[in-house]
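See below for the structure under consideration.
The values are calculated or read from the model by the stated rules, or taken from the named source; none is laboratory data. Just so it is clear, the model here is predicted, and its values are computed rather than measured. Glycine gets a Cβ as well: all are built from the backbone with ideal geometry, and neighbour counts include every protein chain shown.
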């Protein structure tokens with residue numbers, strides 16, 4: 001049912017986080033045992049072991065959907081991007097990608113730069129994965145009873161506050177673990193709400209395509225967060241500018257999500273009128 005859509009998406013995101021919980025400390029152990037090339041080869045071999053299980057995945061039955069009301073996929077994309085709420089959602093998800101990729105890519109290096117053991121960085125990522133299981137479920141559940149846009153705004157605001165507190169306090173193993181737990185709750189908790197809003201405002205006819213565009217914005221933010229973090233550190237030997245940028249972007253994402261309207265947009269309205 002539409003009301004439970006965000007909850008189901010939250011459960012799926014929570015399940016995916018289990019992999020991060022296992023992979024982060026394992027990759028750290030592999031790096032220490034044989035270097036980065038050895039670690040990559042072992043992890044790649046592990047991924048190949050998953051392929052045979054695809055044989056057991058059944059075919060998903062597709063309901064017949066009338067796409068004639070939009071004139072095709074290209075006009076549908078134009079209609080979606082003419083909707084201010086969709087554009088705001090598209091823009092805001094960029095920030096999620098920036099936060100996630102910067103922290104996931106550079107947290108181990110940041111921890112080592114502060115003189116802490118390399119294992120602290122590995123356990124930091126594992127804690128993010130662990131607490132993201134709860135965070136994803138809670139965000140999906142919240143999307144059933146509260147306006148999704150308000151929950152999203154709250155998540156981005158909380159990220160800004162958590163990051164600001166982290167960079168203003170002395171860095172220690174305990175502060176890293178507390179930060180990782182807090183960020184884990186907020187980590188991918190945006191995903192079920194964002195996808196749910198795309199479905200709610202744009203309808204189901206082109207959900208996979210439009211959600212893909214929104215995810216493209218997320219991945220663009222991911223690229224910039226990971227790449228720019230390295231460039232900044234190479235130039236200044238310091239991650240502080242990136243942490244400040246993460247706080248500022250968190251505030252901007254909060255403001256971006258507040259004006260979103262959750263009522264069906266032009267594309268969903270066209271489908272409902274048929």
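Some notes on this structure:
- Meets criteria (in contact (Cβ under 8 Å) with a residue 24 or more places away in the chain, under 17 Å from residue 107 (Cα atoms) and part of a helix (DSSP H, G or I)) for residue 157: no
- Contact map, segment 104-127: residues that are more than 15 Å from residue 30 (Cα to Cα) paired with residues that are surrounded by fewer than 18 Cβ atoms within 10 Å (Cβ to Cβ) and modelled with pLDDT under 90, Cβ distance under 7 Å, separation 6+ or inter-chain. Pairs shown: 112/118.
- Of the criteria (1) closer than 30 Å to residue 78 by Cβ; (2) at pLDDT below 95; (3) assigned to a helix (DSSP H, G or I), which one residue 204 fails: (3)
- Candidates 188, 252, 152, 216: the one that is closer than 17 Å to residue 100 by Cβ and assigned to a loop (DSSP other than H, G, I, E, B) is 188.
- For segment 180-221, a residue qualifies if it is over 17 Å from residue 136 (Cβ atoms) and without any contact (Cβ under 8 Å) to a residue 24 or more places away in the chain, and the qualifying residues are 207, 208, 212, 216.
- Residue 134 vs. criteria farther than 25 Å from residue 245 by Cβ and free of Cβ contacts under 8 Å to residues at least 60 places away in the same chain: no
- Annotation: of all residues in segment 264-274 being surrounded by fewer than 19 Cβ atoms within 10 Å (Cβ to Cβ) and in contact with a helix residue (DSSP H, G or I) (Cβ under 7 Å, 6 or more places away or on another chain), the one that is modelled with the lowest pLDDT is 266.
- In segment 46-74, the qualifying residues are those that are within 23 Å of residue 206 (Cα to Cα) and in a helix (DSSP H, G or I), and the one that is modelled with the lowest pLDDT is 73.
- Scanning segment 75-116 for residues that are outside any helix (DSSP H, G or I) and in contact with a helix residue (DSSP H, G or I) (Cβ under 8 Å, 6 or more places away or on another chain) turns up 82, 83, 116.
- Residue list for segment 129-153, filter: within 20 Å of residue 249 (Cα to Cα) and crowded, with 20+ Cβ neighbours inside 10 Å: 148, 149, 151, 152, 153
- Residues satisfying the criterion are present in segment 154-165 (criterion: at pLDDT 95 or above, more than 28 Å from residue 236 (Cα to Cα) and surrounded by fewer than 20 Cβ atoms within 10 Å (Cβ to Cβ)).
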